[in-house]
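A.B. asks: Take this structure, written in structure tokens, and hold onto it; I'll ask about it next.
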Amino acid sequence: MQFQNSIIETKWQKRWEEERVFKAVDFSDKPKWYGLVEFPYPSGIGMHVGHLRAYSSLEVISRKKRMEGYNVLFPIGFDAFGLPTENYAIKTGIHPRIVTDANIKTFISQLKSAGFSFDYDRIIDTSSEEYYKWTQWIFIQLFKHDLVYKSKTFVNYCPKCQVILSNEESQGGKCDRCDSQVEQKQKDVWFLRITKYAQRLLDGLNEVDFTARIKTEEENWIGRSEGAYIDFITTTKHEIKVFTTRADTIYGVSFLVLAPESPLLTDLLPFINNKEEIENYIQETKKKTEFERLNFNKNKTGVELKGLKVIHPLTKKEIPLFISDYVILSYGTGAVMGVPAHDQRDYDFAKKFSLPIVEVIKGGDISEKAFEDVETGILINSPLINNLDVEEAKKTIITYLENNKLGEKTVQYKMQDWAFNRQRYWGEPIPIVYCEHCGQVPLNEEDLPLVLPNVKEFLPSINGDSPLANVPEYVNCKCPKCHRPAKRETDTMPQWAGSSWYFLRYCDARNEQEFASFDKLKYWMGVDWYNGGMEHVTRHVIYSRFWNLFLNDIGVVPVAEPYKKRTAQGLILGADGEKMSKSRGNGVDPTEMINIYGADALRTYILFMGDYELPTPWDPNGVKGAKRFIDKVIRLFEIVDLSKDEYTLETLIHQTIKQVSKDIENLKFNTAISALMILTNALAELTSISKKDYQVLITLLSVFAPHICEELNEGLGNKNILANSKWPEYLEEKTIENTIEIAVQVNGKLRGTVKIKRDSKQKDIEEKAFLLPNVVTALIDKTVIKTIYIPNKILSIVIK
RNA sequence: GCCGGAGUGGCGAAAUCGGUAGACGCCCAGGACUUAAAAUCCUGUGGGUAGCGAUACCCGUGCCAGUUCGAUUCUGGUCUCCGGCACCA
């Protein structure tokens with residue numbers, strides 16, 4: 001049999017499409033299974049081998065699930081709003097809509113050419129009006145539920161380009177376009193109040209099956225820490241609340257520090273006598289970029305607020321108050337208590353300003369650095385909690401503070417509210433209008449979508465405003481409430497918006513009345529398995545879990561947690577072991593691979609190359625090997641005896657079905673394929689094999705190499721489509737070998753093996769084992785102390 | 001600094017309720033087919049020592065210890081690499 005890949009690939013791709021093999025059927029009686037992969041950004045370069053690896057896992061599992069009788073939803077779409085397309089538009093003048101449409105077309109044809117079994121009828125495009133209408137609708141619901149607010153914050157601003165930059169665009173404190181120094185500029189920013197959901201996002205992790213490393217990363221990102229607020233009073237009767245996780249060290253406090261941006265300073269300033277010095281420091285801090293501020297770890301700076309002191313709540317001693325940029329406004333209260341003996345940052349600060357370093361925990365040496373160990377320390381110099389260990393001391397002191405109204409137990413999160421606007425053209429317009437009379441007014445739902453106007457100039461306008469600010473007919477509008485003239489918000493939503501709910505849209509992708517019908521959501525949600533990149537685990541996965549939780553709260557989505565299970569694939573590295581990149585030139589073009597070796601070989605290699613969850617370098621010869629394997633399977637066809645209907649290698653067949661089935665569910669595709677190679681090699685030894693043998697082989701292999709297996713299935717005289725047929729089953733008792741090999745060890749060293757029937761008596765095995773020549777030699781002049789027999793595995797002889 | 005993950009042949013990797021380390025594949029070498037090459041097929045392939053040879057023995061899962069008849073797997077310590085977070089109080 002001679003095959004040309006391109007011909008049979010096209011043939012079967014067409015058949016699958018014509019016969020709607022991969023169509024997910026709403027409300028089917030079969031059990032449903034929803035497999036989700038992260039939808040791609042349709043970049044101009046087209047599909048990357050990384051995309052293939054990311055999708056292959058659930059592609060294989062989806063195919064298997066269908067064959068096991070599930071009604072499978074395995075959708076794909078495009079996360080199409082984004083900066084690269086906009087930058088391309090700025091460069092070429094071609095409208096992002098045109099570029100995006102062309103790119104999507106390329107992607108779809110590439111996905112199909114790889115034989116991916118997506119339900120192509122449910123494709124969505126986040127940049128289409130039909131889709132972003134609902135993204136805007138959800139935004140308005142969030143707004144109505146007080147989860148959206150506008151607040152001033154500092155942003156990276158390039159004075160030369162007059163553009164606001166993201167952290168990525170201003171690395172090292174320089175603008176990545178013109179290299180000039182980035183400044184911190186105050187700007188009104190829309191925020192989503194995700195912090196309100198912090199605890200629930202953390203708790204939800206207990207209900208889902210995410211791999212351990214994913215859970216840990218999410219937990220770290222949310223960053224819960226338990227501690228206490230402690231109230232300090234100044235000599236001017238101002239209250240300063242600090243947050244600490246180490247309330248036990250309260251007797252070690254020798255100073256207090258405020259963040260330079262702290263609003264408390266406004267109240268304190270009139271009472272101090274070095275105002276000018278303080279104001280200068282505040283100005284200097286503003287000039288520093290975030291990068292600079294984080295960069296000088298050891299060398300602390302700061303200024304004391306002169307003319308007032310803070311009274312220690314327990315000792316009543318007066319201690320100094322400082323401002324310093326090592327304290328961040330956005331975490332805790334923007335004020336910290338300085339315990340130099342037991343916090344390295346406070347230690348560095350105390351050294352710089354010659355402040356007292358009071359040891360309150362015994363067990364360390366504080367002459368060179370702070371003693372931060374919480375495991376072993378015992379409290380000293382702390383009247384109320386002396387001799388307690390750290391944990392007990394924390395509890396005791398917090399109870400005392402609470403009873404005396406000096407503080408309280410509290411929980412803080414590192415996670416911050418989600419900055420939700422960009423000064424960009426190619427994004428969802430924010431459906432808010434500014435009215436002089438009514439304030440911030442959301443559009444009426446019947447006026448959605450708020451359509452992105454067609455512009456010719458994509459460059460941001462002066463002051464870093466969005467290009468939309470240059471479109472008067474867009475900006476000037478009527479207030480939805482009072483109908484008087486008003487102005488529109490000109491910013492757009494960030495890239496993360498559209499992807500925060502796309503898994504819901506797939507359930508009902510063409511709905512024009514709602515973002516998705518509740519009944520369909522009820523049928524399909526939650527996502528049974530979500531696979532994607534590790535890099536999206538903190539942002540995208542948390543953001544979308546937040547949106548879903550919210551939509552569940554307002555009763556429009558039936559489940560609280562959207563994803564039942566989440567896994568992540570490892571990166572495909574270049575052949576040089578480095579991350580694939582344009583500049584290194586170590587990338588691989590999947591289309592070229594398909595043209596040379598065929599889609600089946602490429603798919604098989606990508607899953608065979610290594611542990612799916614770990615980064616693996618690309619081996620240019622690896623695809624060749626996969627192709628050789630597939631050719632070997634094809635050659636086997638020649639020795640199939642269609643009249644034979646019994647397994648030729650029964651045990652091995654059952655073993656292979658078992659291993660392949662199990663391995664696929666555990667993402668161990670490399671060993672699943674290896675098992676198929678072993679079976680193929682064993683069958684190839686024979687002069688004739690049965691149709692039944694071959695049928696199992698190609699059915700199992702079809703999830704990896706679907707095209708050729710369909711062709712071979714047809715060659716066997718079958719009329720059915722293999723992708724629709726039944727997944728093979730195995731019997732556990734038939735996987736067990738009757739004759740086995742027992743290893744014989746003498747003092748832990750292998751000295752031979754004994755072939756014997758399974759479950760033989762130890763006596764019979766020993767009889768044979770002691771006759772093994774190497775055992776005999778080893779036993780010369782020695783005494784056998786004991787023998788240990790592990791049934792069906794090993795016989796261990798101990799001698800002296 | 002903190003939190004994850006990983007160190008096994010020339011390469012990608014298998015095998016972990018402790019039980020024949022290196023399955024499977026790549027590379028490489030030799031052979032077959034061919035005028036020749038490619039492709040394909042067959043054989044070999046962790047390192048070392050001895051032997052013409054079948055073979056035998058020793059070493060070997062980052063490093064150092066420990067537990068055990070037996071450790072890639074368990075325990076303690078240690079080094080390196082990768083990823084994430086980071087003046088988070």
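A.B. asks: With closer than 14 Å to A:His51 by Cα and more than 14 Å from RNA strand B (Cβ to nearest atom) as the only criterion, which of A:Asp589, A:Asp600 stands out?
C.D. replies: A:Asp589
A.B. asks: With of a type in the set (Val, Ile, Thr) and at pLDDT below 95 as the only criterion, which of A:Val475, A:Val441, A:Val451, A:Val471 stands out?
C.D. replies: Answer to the selection: A:Val471.
A.B. asks: Among the residues of region A:64-89, how many are part of a strand (DSSP E or B) and buried (at least 21 other Cβ atoms within 10 Å of the Cβ)? Walk me through it before giving the result.
C.D. replies: Residues of region A:64-89 that are part of a strand (DSSP E or B), as a first pass: A:71-73, A:77-78.
Those still in the list that are buried (at least 21 other Cβ atoms within 10 Å of the Cβ) too: A:72-73, A:77-78.
Residues in region A:64-89 being part of a strand (DSSP E or B) and buried (at least 21 other Cβ atoms within 10 Å of the Cβ): 4 in total.
A.B. asks: Can you tell me which residue is farthest from A:Phe81 (Cα to Cα) among those in region A:17-62 that are part of a helix (DSSP H, G or I) and open to solvent by 10 Å² or more (accessible area, probe 1.4 Å)?
C.D. replies: A:Glu18
A.B. asks: Are any residues in region A:55-114 among the aromatic types (Phe, Trp, Tyr) and free of Cβ contacts under 8 Å to residues at least 60 places away in the same chain, and if so, which ones?
C.D. replies: Answer for region A:55-114, where residues must be among the aromatic types (Phe, Trp, Tyr) and free of Cβ contacts under 8 Å to residues at least 60 places away in the same chain: A:Tyr70, A:Phe74, A:Phe78, A:Tyr88.
A.B. asks: Collect the residues in region A:674-685 that are assigned to a helix (DSSP H, G or I) and either open to solvent by 10 Å² or more (accessible area, probe 1.4 Å) or not β-branched (Val, Ile, Thr) (or both), keeping them in residue-number order.
C.D. replies: A:Ser674, A:Ala675, A:Leu676, A:Met677, A:Ile678, A:Leu679, A:Asn681, A:Ala682, A:Leu683, A:Ala684
A.B. asks: Within the set of pairs 6 or more residues apart or between chains, which connect a residue that is in contact (Cβ under 8 Å) with a residue 12 or more places away in the chain inside region A:211-222 to a residue that is more than 6 Å from RNA strand B (Cβ to nearest atom) and open to solvent by 60 Å² or more (accessible area, probe 1.4 Å) with Cβ atoms less than 9 Å apart?
C.D. replies: Note: pairs meeting the criteria are A:Trp221/A:Arg539.
A.B. asks: Within region A:104-123, restricting attention to residues that are touching a Ser or Thr at 6+ places or on another chain (Cβ under 8 Å) and open to solvent by 20 Å² or more (accessible area, probe 1.4 Å), which residue is farthest from A:Ile596 (Cα to Cα)?
C.D. replies: A:Gln110
A.B. asks: Output the strands (runs of 3 or more DSSP E) that fall wholly within region A:688-800 and possess 1 or more residues being in contact with an Asp or Glu (Cβ under 6 Å, 6 or more places away or on another chain), within 13 Å of RNA strand B (Cβ to nearest atom) and closer than 29 Å to A:Lys662 by Cα, or say none.
C.D. replies: A:749-757
A.B. asks: How many of the residues in region A:401-417 are crowded, with 17+ Cβ neighbours inside 10 Å and either free of Cβ contacts under 8 Å to residues at least 60 places away in the same chain or charged (D, E, K, R) (or both)?
C.D. replies: Residues in region A:401-417 being crowded, with 17+ Cβ neighbours inside 10 Å and either free of Cβ contacts under 8 Å to residues at least 60 places away in the same chain or charged (D, E, K, R) (or both): 1 in total.
A.B. asks: Pairs needed: first member in region A:357-373, free of Cβ contacts under 8 Å to residues at least 24 places away in the same chain; second member anywhere, open to solvent by 50 Å² or more (accessible area, probe 1.4 Å) and of a type in the set (A, V, I, L, M, F, W, C); C-beta distance under 9 Å; at least 6 residues apart or different chains.
C.D. replies: Note: pairs meeting the criteria are A:Lys362/A:Ile378; A:Gly363/A:Ile378.
A.B. asks: For region A:439-478, which residues satisfy the criterion of being part of a helix (DSSP H, G or I) and among the hydroxyl-bearing types (Ser, Thr, Tyr)?
C.D. replies: Scanning region A:439-478 gives a single hit, A:Tyr474.
A.B. asks: Any residue in region A:655-673 that is more than 9 Å from RNA strand B (Cβ to nearest atom), modelled with pLDDT under 95, open to solvent by less than 20 Å² (accessible area, probe 1.4 Å) and over 26 Å from the mean Cα position of the chain (by Cα)?
C.D. replies: So far as region A:655-673 goes, no, none of its residues is more than 9 Å from RNA strand B (Cβ to nearest atom), modelled with pLDDT under 95, open to solvent by less than 20 Å² (accessible area, probe 1.4 Å) and over 26 Å from the mean Cα position of the chain (by Cα).
A.B. asks: Looking only at residues that are under 25 Å from A:Glu592 (Cβ atoms) and within 9 Å of RNA strand B (Cβ to nearest atom) in region A:624-649, which one is surrounded by the most Cβ atoms within 10 Å (Cβ to Cβ)?
C.D. replies: Ranking the candidates gives A:Ala626 first.
A.B. asks: Here's something else I'd like to know. Of all residues being open to solvent by 30 Å² or more (accessible area, probe 1.4 Å) and modelled with pLDDT under 95 in region A:418-435, which is farthest from A:Phe139 (Cα to Cα)? Just the residue, please.
C.D. replies: A:Arg422
A.B. asks: Further, regarding this structure: Right, A:Ile708: in contact with a Gly (Cβ under 8 Å, 6 or more places away or on another chain), within 30 Å of A:Arg635 (Cα to Cα), surrounded by 15 or more Cβ atoms within 10 Å (Cβ to Cβ) and hydrophobic (A, V, I, L, M, F, W, C) or not?
C.D. replies: Answer is yes for this residue.
A.B. asks: Could you say whether any residue in region A:381-397 is of a type outside the set (Gly, Ala, Ser), open to solvent by 30 Å² or more (accessible area, probe 1.4 Å) and within 14 Å of RNA strand B (Cβ to nearest atom)?
C.D. replies: For region A:381-397, residues of a type outside the set (Gly, Ala, Ser), open to solvent by 30 Å² or more (accessible area, probe 1.4 Å) and within 14 Å of RNA strand B (Cβ to nearest atom): present.
A.B. asks: Which ones in region A:604-623 are within 8 Å of RNA strand B (Cβ to nearest atom) and polar (S, T, N, Q)?
C.D. replies: Within region A:604-623, A:Thr616, A:Asn621 meet the criteria.
A.B. asks: Is at least one residue of region A:549-558 within 20 Å of the chain's Cα centre (by Cα) and part of a loop (DSSP other than H, G, I, E, B)?
C.D. replies: no
A.B. asks: Let me ask another. From the set of residues in region A:217-247 that are open to solvent by 10 Å² or more (accessible area, probe 1.4 Å), closer than 17 Å to A:Phe271 by Cα and not polar (S, T, N, Q), which is farthest from RNA strand B (Cβ to nearest atom)?
C.D. replies: A:Lys237
A.B. asks: Assuming A:Asp600 fulfils every condition listed in (1) of a type in the set (D, E, K, R); (2) open to solvent by 50 Å² or more (accessible area, probe 1.4 Å); (3) over 27 Å from the mean Cα position of the chain (by Cα) apart from one, which condition is it?
C.D. replies: Among (1) of a type in the set (D, E, K, R); (2) open to solvent by 50 Å² or more (accessible area, probe 1.4 Å); (3) over 27 Å from the mean Cα position of the chain (by Cα), A:Asp600 violates only (2).
A.B. asks: Same structure again: Given A:Glu359, A:Glu372, A:Glu368, which one is closer than 23 Å to A:Leu258 by Cα, within 15 Å of RNA strand B (Cβ to nearest atom) and part of a loop (DSSP other than H, G, I, E, B)? Let's see the steps before the verdict.
C.D. replies: Details: A:Glu359 fails: within 15 Å of RNA strand B (Cβ to nearest atom); A:Glu368 fails: closer than 23 Å to A:Leu258 by Cα.
After ruling out the rest, the residue left standing is A:Glu372.
A.B. asks: If A:Ile328 passes every condition in (1) within 9 Å of RNA strand B (Cβ to nearest atom); (2) touching a Ser or Thr at 6+ places or on another chain (Cβ under 7 Å); (3) open to solvent by 20 Å² or more (accessible area, probe 1.4 Å); (4) of a type in the set (A, V, I, L, M) but one, which one does it miss?
C.D. replies: Failed condition: (2).
A.B. asks: If you take the residues in region A:1-16 that are open to solvent by 80 Å² or more (accessible area, probe 1.4 Å) and assigned to a loop (DSSP other than H, G, I, E, B), which one is nearest to A:Ile61 (Cα to Cα)?
C.D. replies: A:Gln4
A.B. asks: When the residues of region A:64-110 are narrowed to those that are of a type in the set (Asp, Glu) and at pLDDT 95 or above, which ends up farthest from A:Tyr120 (Cα to Cα)?
C.D. replies: A:Glu68
The values are calculated or read from the model by the stated rules, or taken from the named source; none is laboratory data. Predicted, not measured: the structure shown is a model, and the values here were computed from it. Every residue, glycine among them, receives a Cβ derived from its backbone with ideal geometry; neighbour counts consider all protein chains shown. Just so you know, the surface numbers come from the protein's heavy atoms only, side chains and all, with ligands and any DNA or RNA stripped out. Shrake-Rupley method; radii C 1.70, N 1.55, O 1.52, S 1.80 Å.
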